[in-house]
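No value in this document is a laboratory result; all are computed from the given coordinates. Please read these numbers as outputs of a predicted model, since none were measured by experiment. Positions of Cβ are generated from backbone atoms using ideal geometry, with glycine treated the same way; all protein chains shown enter the neighbour counts.
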Amino acid sequence: DTGGHPHYLLKEIAEQPATVARTLSGRLDERFATAHLGGLNLGPRELREIRRVKILGCGSAYYAGEMGAQLIEELARVPAHAEPASEFRYRNPVIEGDTLYVAVSQSGETYDTLAAVQEIRRKGGRVIGIVNTVGSAIARECDGGVYLHAGPEVSVASTKAFTSTAVAFALLALHFGRVHDLSPADGRRICAGLKALPGQIEEILAGREEIERLAAEYARHDGMMFVGRVRGWPVAREGAQKLKEISYIHAEAYPASELKHGPLALISPALPTLAVVPDDELLEKNLTTLGEIRARGGRVLMVGHRRPDARLAEDVIVVPRGEPELDPILLTVPLQLFAYAAAVALGRDVDRPRNLAKSVTVE
Ligand code: BG6
C-alpha cells in the first residue's frame with residue numbers, strides 16, 4: 001500500500017519525519033546530554049577502550065556508513081572509517097581487539113555484509129549492527145546493535161533506512177563522544193539538533209514541487225556530476241547513487257577538492273553538476289569550485305543553506321540550517337526527491353529499477 005502516493009519510493013521519502021522520530025524515540029537523554037542505546041551491550045569502560053571504528057555495508061548502507069564515520073570522528077574524536085563489506089570480506093582483513101566493527105544493513109540479509117560479520121567474529125572481533133529488520137540474519141549474528149525502527153522499506157532504492165541509519169550513527173557518536181571528550185554543552189547542542197530533524201525534513205518536503213521542476217530539466221542530460229567536500233561528500237555519493245539507480249542517468253560523485261585533479265576535464269555545458277555546499281568552514285572553498293565549473297560552461301545546481309552569487313549557480317535548493325555535524329542528514333533529503341523526480345520524468349520503473357534487487361542474499 002503506497003498510502004496514496006504514486007510510488008513506494010515517494011511514500012518512503014515522505015515518511016522520513018516520522019521514521020527519523022522513531023529512530024530517536026526514547027534514546028535522547030537531555031539531562032546528561034547523551035543518548036541511550038539499550039542494545040549496544042557495551043559499557044562505558046569498554047567503549048573507552050575502543051581505539052578505532054570500522055564500518056561495513058553495501059550500496060547505500062556503505063554511504064550511510066561514511067556519514068557515520070564522520071559523525072564518530074567529529075563527536076567522539078575516535079578514528080573511524082567505512083569500507084564496502086563486499087571488499088572487506090575478500091581481503092583477509094586484519095581484525096583488531098581495540099577496534100569496534102559496525103555492520104550496516106537495512107534488510108539484515110545482505111550476504112556480503114553477513115559474511116563480513118562472520119569473518120570478524122571468527123577472528124574474535126567485536127561487531128555491532130545498525131539494522132532495520134528485527135531478528136534478521138545480521139542482527140542475530142552481531143554482539144549487539146541499534147535497530148532503526150524505520151518500518152519495512154519496499155522500494156529498491158533506500159531512502160528512509162538511509163536517513164535513519166545516519167541518525168542512529170549520530171546517536172552512537174553522541175553516546176560514544178560523551179564517554180570520551182564531548183562536552184555537556186556540545187552534547188546538549190547535538191540532542192537539540194537531533195530533536196529538530198523531523199520538523200526540518202518536513203520543511204524540505206514542502207519544497208518538493210520546485211525540486212521536481214529542476215529534476216525534470218536536469219534529466220534531459222545524459223550525465224551529472226555530484227560534488228561535495230567533507231560533510232558534503234557522503235551526501236554527494238549517496239545522491240549520485242540514487243540518481244543512477246532509479247533514473248539510469250550516469251552520475252559521478254567526486255570530492256569537490258579532487259575536481260581539478262582529473263574530472264574537471266569532463267565539465268562542459270553537456271555535464272551539469274549538483275554541488276552539496278553547506279554553510280560551514282569550507283563554504284568559500286566550495287564557492288571557488290563552483291566558479292571553476294561555471295568558467296567551463298557547466299550548469300550548477302547548488303544544495304545548501306543560502307543562495308550564492310547568481311554567477312556561481314543557476315539553480316539553488318535551500319535547506320534549513322541545523323547543527324553543522326548533522327547537516328549531511330538534511331542535505332540528503334532534497335537529493336532523494338531530485339532522483340525520484342528525474343526517474344519519474346524519464347518514465348522509469350521507480351520502485352523496481354532494472355538489474356537490481358532490494359537485498360542481495362547470494363554471493
Ligand atoms: C543493494 C540494494 O543491492 O543492497 C541497495 O539495491 C541497498 O538499495 C544495498 O542499499 C544494501 O542493502 P542492505 O539491506 O544491506 O542495507
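Skipping prolines and chain starts, which residues have an amide H placed within reach, meaning under 5 Å, of the one on Val300, given they are 5 or more residues away or on another chain?
So Val300 has HN proximity to Thr273, Glu314, Asp315.
What does the helix-only formula give at 222 nm for the chain: each DSSP H stretch with n ≥ 4 adding -39500 (n - 2.57), the total divided by the residues, and the result rounded to the nearest 500 deg cm²/dmol?
On the way: 13 runs with 161 residues, N = 363.
It lands at -14000 deg cm²/dmol.
Expressed in nm², what is the orientationally averaged projection area of the convex hull enclosing the Cα positions of the stretch 237-363? Walk me through the numbers before you get to the answer.
On the way: hull surface 37.3 nm².
Taking a quarter of the hull surface, the average projection is 9.3 nm².
Report D for the stretch 114-176 in µm² per second (integer): Stokes-Einstein, Kirkwood Rh on Cα pairs, 25 °C, 0.890 mPa s. Can you show the working numbers first?
On the way: Rh = 12.6 Å.
The Stokes-Einstein estimate is 195 µm²/s.
Please build a GNM for the chain, connecting alpha carbons under 10 Å apart, and tell me which residue among Ala168, Ala256, Ala137 fluctuates the most.
Fluctuation is largest for Ala137.
In square nanometres and to one decimal, what's the mean projected area of the convex hull around the Cα atoms of the chain? Kindly include the intermediate steps, with their values, before the conclusion.
On the way: hull surface 68.2 nm².
So the Cα hull casts an average projection of 17.0 nm².
Running a GNM on the chain with Cα contacts under 10 Å, which residue among Pro269, Pro353, Pro198 ends up with the highest mean-square fluctuation?
Pro269
³J(HN,Hα) across the stretch 216-225 via Karplus (A = 6.51, B = -1.76, C = 1.60, θ = phi - 60°), whole Hz, x for Gly/Pro?
Running phi through 6.51 cos²θ - 1.76 cosθ + 1.60 with θ = phi - 60° gives 4, 5, 5, 5, 6, 8, 7, x, 8, 9 Hz.
Using a basic spin-label model with each label point 7 Å from the Cα along Cα→Cβ, how many nm lie between His221 and Glu96?
4.1
For Cys58, what residues show an amide H to amide H distance below 5 Å, using hydrogens built from the backbone and excluding near sequence neighbours?
Long-range HN contacts for Cys58: Ala85.
Which percent of the Cα-Cα distances in the stretch 1-108 go past 18 Å? Display every interim value, and only then the final one.
Details: 3660 of 5778 pairs.
Percentage above 18 Å: 63.
Given the Cα-Cα distance of Ala310 and Thr361 and 0.36 nm per residue of separation, how much length would full extension add, in nm? Numbers along the way, then the final one.
On the way: separation 51, 0.36 × 51 = 18.36 nm, distance 4.77 nm.
Length gained between Ala310 and Thr361: 13.6 nm.
Quick one: if the Förster radius is 35 Å, what FRET efficiency do Arg213 and Glu258 give, using the C-beta to C-beta distance and rounding to 0.05?
Working from the Cβ atoms, E equals 0.70.
Which values of log₁₀ I(q)/I(0), to two decimal places, follow from the Debye formula for the stretch 32-83 at q = 0.14, 0.22, 0.25 Å⁻¹ with a uniform point scatterer at every Cα?
The Debye formula, applied to the Cα set alone, gives -0.41, -0.94, -1.08.
Any lysines with Cα under 17 Å of the Lys358 Cα? List them, leaving off those in the same chain fewer than 8 positions away.
Reachable lysines: Lys11, Lys160, Lys242, Lys244.
Among 42-50, 324-332, how do they line up from the highest to the lowest mean number of other beta-carbon atoms within 10 Å? The partial results should precede the final answer.
On the way: 42-50: 13.9, 324-332: 24.6.
Result, highest mean Cβ count within 10 Å first: 324-332, 42-50.
In whole Å, largest first, what are the principal axis extents of the Cα atoms in the stretch 79-125?
Taking max minus min along each principal axis of the Cα atoms, the stretch 79-125 gives 28, 21, 16 Å.
How far apart, in nm, are two points set 7 Å out from the Cα along the Cα-to-Cβ line at Asp280 and at Arg321?
1.6
List every residue whose amide H lies under 5 Å from the amide H of Phe226, counting only residues 5 or more places away in sequence or on a different chain, with H placed 1.01 Å from N in the peptide plane.
Glu252, Ala253, Tyr254, Leu274
In nm, what is the difference between 0.36 nm times the number of residues separating Tyr248 and Leu346 and their Cα-Cα distance?
Working: separation 98, 0.36 × 98 = 35.28 nm, distance 0.92 nm.
Answer, rounded to one decimal: 34.4 nm.
Among Gly124, Ile95, Tyr62, whose Cα lies farthest out toward the positive end of the dipole of the stretch 19-167, if unit charges sit on the beta carbon of Lys, Arg (+1) and Asp, Glu (-1)?
Gly124
So what's the net charge close to Ser359: Lys and Arg +1, Asp and Glu -1, counting the other residues with Cβ under 12 Å from its Cβ?
On the way: positive: Lys358; negative: Glu109, Asp112, Glu153.
Here the charged neighbours net out to -2.
Residue by residue through the stretch 7-23, which ³J(HN,Hα) values in whole Hz follow from phi under the Karplus form 6.51 cos²θ - 1.76 cosθ + 1.60 (θ = phi - 60°), with glycine and proline marked x?
9, 4, 4, 5, 4, 6, 5, 5, 6, 4, x, 6, 6, 5, 4, 5, 5
Over 10 Å intervals from 0, what percent of Cα-Cα pairs in the stretch 292-331 sits in each interval?
Result, from short to long distances: 30, 42, 25, 3 percent.
Once you have the Cα-Cα distance between Ala196 and His81, take 0.36 nm times their residue separation minus that, and quote the gain in nm to one decimal.
Details: separation 115, 0.36 × 115 = 41.40 nm, distance 2.71 nm.
This chain segment gains 38.7 nm when fully extended.
Rounded to the nearest 5, what is the percent of antiparallel bridges among the DSSP beta bridges in the chain? Spell out each step's value before the answer.
Numbers: 2 of 41 bridges.
Counting DSSP beta bridges with both partners in the chain, the antiparallel share is about 5 percent.
In debye, nearest 20: dipole of the chain around its Cα centre with unit charges on the Cβ of K, R (+) and D, E (-)? Walk me through the numbers on the way to the answer.
Numbers: 43 positive and 47 negative charges, 69 e Å.
Magnitude of the dipole: close to 340 debye.
Toward the positive end of the charge dipole of the chain, about the Cα centre and with charges on Cβ (Lys, Arg +1; Asp, Glu -1), which of Val344, Thr159, Leu312 goes farthest?
Farthest along the dipole direction, towards plus: Thr159.
Provide the per-residue ³J(HN,Hα) series for the stretch 175-190, in order, calculated from phi with Karplus coefficients 6.51, -1.76, 1.60 and θ = phi - 60°, each as a whole number of Hz, with x at glycine and proline positions.
Ordered by residue, 3J(HN,Hα) equals 4, 5, x, 6, 8, 9, 10, 5, 6, x, 5, 5, x, 5, 4, 5 Hz.
Under unit Cβ charges (Lys, Arg +1; Asp, Glu -1), what dipole magnitude, rounded to 20 debye, does the stretch 205-350 have relative to its Cα centre? Display every interim value, and only then the final one.
Values: 18 positive and 21 negative charges, 64 e Å.
That gives a dipole near 300 debye.
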